[in-house]
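Student: Once you've had a glance at the structure underneath, I'll fire off some questions.
Values quoted throughout were computed directly from the atomic coordinates according to the rules given, and no laboratory measurement underlies them. Worth saying up front: this structure is predicted, and the values here are computed from it rather than measured. In this analysis, Cβ positions are derived from the backbone assuming ideal geometry, glycine residues included, and neighbour counts consider all displayed protein chains.
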Amino acid sequence: MKKIFLKLSKQPITNSYLTNLNKKNLEKEFFYNLNVSFDTKLFLVSLSKPINPKKQYTNKYAHRASESKTMKAAFKNICQIFKKRFNPKKILEIGSNDGVFLSNFSKKDIIAVEPCKNLASITNKIGYKTYSNFWNIKNAKKIIKQNSKFDLIFSANTISHIPNLEEAFKSIYISLNTDGIFVFEDPYIGSVLKMNSYDQFYDEHVHLFSLLSIKKILEKYKLKIFDVELLTTHGGSIRFYVCKDKSKIKISPNVNILYLKEIRLGLNKFQTYKSFSSRVKKSKKKLLTLLKKLNKNKKKIISYGATYKSTTIFNYCNIDNKLIDYVSDTTKNKQGKFTPGKHLPIYPQSKNISKDVDYAFLGAWNFLDEIKKKEKSFLSRGGKFITHVPKVRVISK
Ligand code: TYD
């Protein structure tokens, strides 16, 4: 049974940055109720009513994974580990974005599937064969027919975006060699609960996985987890190592250790999520109190990083141009546009935060270390960051 535990108000599609605020654009802006449920049988946390992926993964998709130094380095590192640990000959990536992962492999060893046409064309252009398709059984059959089955399938921040997990995992099963390995990573519900990062809920994050939930689900599709890791990327992610259930691969002790930890933390209990929901309400109140106080004291506040996560915050907390002047972002195709729902203007991120800014809300709080290094002069001249994780607070030098 699916039970709602969190209501995050009306939300727009996070990737739908507006090019201008004319009447036509404002009238056709799409909103939905962002409610989050817990499945008491599968222990799975999901959006109650996911959006149709065809509305989300269009040829205007804005996010570029290689914009972040942290992610570039993380992918480079994991590719080296994969080469050593599994020595894969045939690799498939699901959701390749702008090629930040696959560019670490030779063009003859890896192919990709990526539904956003604008992104698929980036990697096709540099010579990596990329199917501009959604990941489903029909397309998986086409890909293996035209290529072969795979030794390694990798997917980062994509499986959690797919509403129909049955279709996703069945497609994995048919695409893997007998001893093939499937590795996927996505934001971790355990980190969301710990960090109070309710902004991990938005239209694209259809599910927030735990080990408990994935273990139960994979069993239905003749797959099993043989290793698991918790990662710091994206504000706390989980990486699953999966093989076919008949595989002789040794199961790492990490699996049982995390399993027991999740039971201890109550990730299988509805009450755990209900308590989280009350903490979210308190966080909203505190953030608004802080921003309103600073605003009254004539402080200039901007937001740093036009993230999808901050769309959830701005719309849930009702933060608009009255409280935050603008959002700065390094991504070229977000610049000059307006944030979904609350319509804050997005400006390029100049080398340093402009001199007249007193506070910068961290839309990209998951890159705090990278940002602090970049913005040393902002901090040393008395500038401060604001974040809501793990609690609402001001960060100074
Ligand atoms: P991301 O971490 O993928 O968050 P989400 O999935 O919530 O969108 O995106 C980070 C965004 O922040 C991206 O648009 C680039 C931007 N950014 C900056 O503008 N400056 C920075 O220094 C960093 C690290 C990120």
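Student: How would you classify the stretch 44-267 from its alpha-carbon gyration tensor, with a ≥ b ≥ c the square roots of the eigenvalues: rounded for a/c under 1.5, else prolate if a/b is greater than b/c, otherwise oblate?
Tutor: It is rounded, given that a/c, with a ≥ b ≥ c, falls under 1.5.
Student: If you don't mind, another one. What ranking of Ser396, Ser277 emerges when the number of other C-beta atoms within 10 Å of each C-beta is taken as an exposure proxy, fewest first?
Tutor: Ser396, Ser277
Student: Most exposed first by the Cβ proxy, i.e. fewest other Cβ within 10 Å, how do Thr307, Thr178, Thr232 rank?
Tutor: The most exposed by this proxy come first: Thr178, Thr232, Thr307.
Student: Please report the antiparallel percentage of DSSP beta bridges with both residues in the stretch 44-267, rounded to the nearest 5.
Tutor: Counting DSSP beta bridges with both partners in the stretch 44-267, the antiparallel share is about 50 percent.
Student: While we're here: Would you mind checking which residues have amide H under 5 Å from Leu176's amide H? H placed 1.01 Å from N; only 5 or more apart, or other chain.
Tutor: Phe150
Student: How about Lys129: which aspartates and glutamates have a C-alpha closer than 15 Å to its C-alpha, ignoring those fewer than 8 places off in the same chain?
Tutor: Result set, ordered by chain and number: Glu93, Asp98, Asp109, Glu114.
Student: Hey, what did the stretch 270-397 get for relative contact order, percent, Cα under 8 Å, at least 6 apart? The partial results should precede the final answer.
Tutor: Details: 186 pairs, mean separation 29.5, N = 128.
Computed value for the stretch 270-397: 23 percent relative contact order.
Student: Taking 7 Å along the Cα-to-C-beta vector as the label spot, tell me the Asp358-Ser377 distance in nanometres, rounded to one decimal.
Tutor: Modelled inter-label distance: 2.2 nm.
Student: Which of Ile78, Ile110, Ile144, Ile263 has the fewest other C-beta atoms within 10 Å, and how do the rest follow up to the most?
Tutor: Ile263, Ile144, Ile78, Ile110
Student: Something else about it: Shape verdict for the stretch 281-395, please, from the Cα gyration tensor: rounded (a/c under 1.5), prolate (a/b greater than b/c) or oblate.
Tutor: Taking the square roots of the gyration eigenvalues as a ≥ b ≥ c, the stretch 281-395 is rounded.
Student: Work from the charge dipole of the stretch 204-304 (Cβ charges, +1 for Lys and Arg, -1 for Asp and Glu, about the Cα centre) and give the residue of Leu258, Ile301, Ser247 farthest towards its positive end.
Tutor: Value: Ile301.
Student: With both bridge residues required to lie in the chain, what share of the DSSP beta bridges run antiparallel, to the nearest 5%?
Tutor: 55
Student: May I pose another question? Per residue of the stretch 189-195, in order, report the coupling 6.51 cos²θ - 1.76 cosθ + 1.60 (Karplus, θ = phi - 60°) as ³J(HN,Hα) in whole Hz, putting x for Gly and Pro.
Tutor: Ordered by residue, 3J(HN,Hα) equals 4, x, 6, 4, 5, 5, 8 Hz.
Student: Tell me, in nm to one decimal, what length is gained between Asn147 and Glu219 on full extension, where the rule is 0.36 nm per residue of separation less the Cα-Cα distance?
Tutor: Here the segment from Asn147 to Glu219 would lengthen by 23.2 nm.
Student: Taking 22 Å as the cut-off for C-alpha to C-alpha distance, list the pairs among Lys300/Lys397; Lys7/Lys284; Lys285/Lys397; Lys322/Lys374 that go past it.
Tutor: Violating the 22 Å limit, Cα to Cα: Lys285/Lys397; Lys322/Lys374.
Student: Under the Karplus relation 6.51 cos²θ - 1.76 cosθ + 1.60, θ = phi - 60°, what is the ordered set of whole-Hz ³J(HN,Hα) values for the stretch 217-230, x standing for Gly and Pro?
Tutor: Using θ = phi - 60°, the values come out as 5, 4, 4, 6, 10, 6, 10, 9, 8, 10, 7, 8, 9, 9 Hz.
Student: Using +1 at the Cβ of each Lys and Arg and -1 at the Cβ of each Asp and Glu in the chain, identify which of Ala62, Ala360, Ile162 lies farthest towards the dipole's positive end.
Tutor: Value: Ala360.
Student: GNM on the chain, C-alpha springs below 10 Å: top fluctuator among Pro345, Pro115, Pro88?
Tutor: Sorting by GNM fluctuation, first place goes to Pro88.
Student: Which whole-number percentage describes the relative contact order of the chain, with Cα contacts under 8 Å and a sequence gap of 6 or more?
Tutor: 16
Student: Is the chain best put as rounded, prolate or oblate by its Cα gyration tensor, with a ≥ b ≥ c the root eigenvalues, rounded for a/c under 1.5, and otherwise prolate when a/b is larger than b/c, oblate when not? Intermediate values should be presented prior to the final figure.
Tutor: Details: a/c = 1.73, a/b = 1.45, b/c = 1.19.
It comes out prolate by the Cα gyration axes.
Student: With a Förster radius of 35 Å, plug the Cβ-Cβ distance of Lys397 and Lys282 into 1/(1 + (r/R0)^6) and report the FRET value to the nearest 0.05. Write down the numbers at each step before the final one.
Tutor: On the way: r = 28 Å, r/R0 = 0.79.
Efficiency computed from Cβ-Cβ geometry: 0.80.
Student: Here is a further query. Distance between Cα centroids, the stretch 143-159 to the stretch 244-261: provide it in whole Å.
Tutor: Centre-to-centre (Cα) distance: 22 Å.
Student: Tell me which residues come under 5 Å, amide H to amide H, from Phe209 once H is placed; ignore anything under 5 positions away on its chain.
Tutor: Ile189
Student: Please give the net charge around Ser37, taking every other residue with its beta carbon less than 11 angstrom from that of Ser37, where Lys and Arg add +1 and Asp and Glu add -1.
Tutor: On the way: positive: Lys2, Lys3, Lys7, Lys49; negative: Asp39.
Result for the local shell: +3.
Student: Between beta-carbons, use under 11 Å as the cut-off and find the net charge around Lys90, counting Lys and Arg +1, Asp and Glu -1.
Tutor: Overall, the nearby charge balance is +1.
Student: Report, in listed order, any pair from Lys49/Lys72; Lys2/Lys309; Lys24/Lys281; Lys23/Lys293; Lys54/Lys215; Lys299/Lys355 with a Cα-Cα distance greater than 22 Å.
Tutor: Lys49/Lys72; Lys2/Lys309; Lys24/Lys281; Lys23/Lys293; Lys54/Lys215, as the Cα separations exceed 22 Å there.
Student: A further question follows. In deg cm²/dmol, rounded to 500, what helix-only [θ] at 222 nm does the chain give when every DSSP H run of at least 4 residues adds -39500 (n - 2.57) and the total is split over its residues?
Tutor: It comes out at -10000 deg cm²/dmol, rounded to the nearest 500.
Student: Around Ile302, with a cut-off of 10 angstrom between Cβ atoms, what is the net charge of the other residues, counting Lys and Arg +1 and Asp and Glu -1?
Tutor: Charge balance in the 10 Å sphere: -2.
Student: Please compute the modelled spin-label separation between Phe30 and Thr70, points set 7 Å along Cα→Cβ, answer in nm with one decimal.
Tutor: For Thr70 paired with Phe30, the spin-label model returns 3.0 nm.
Student: Still on this structure, please answer the following. Reachable lysines from Lys84, Cα under 16 Å, same-chain residues fewer than 8 places away excluded?
Tutor: Partners found: Lys76.
Student: Now for a separate question. Short version: what are the Cα gyration tensor semi-axes of the stretch 291-351, square root of 5 times each eigenvalue, largest first, in whole Å?
Tutor: So the equivalent ellipsoid measures 19, 14, 8 Å along its semi-axes.
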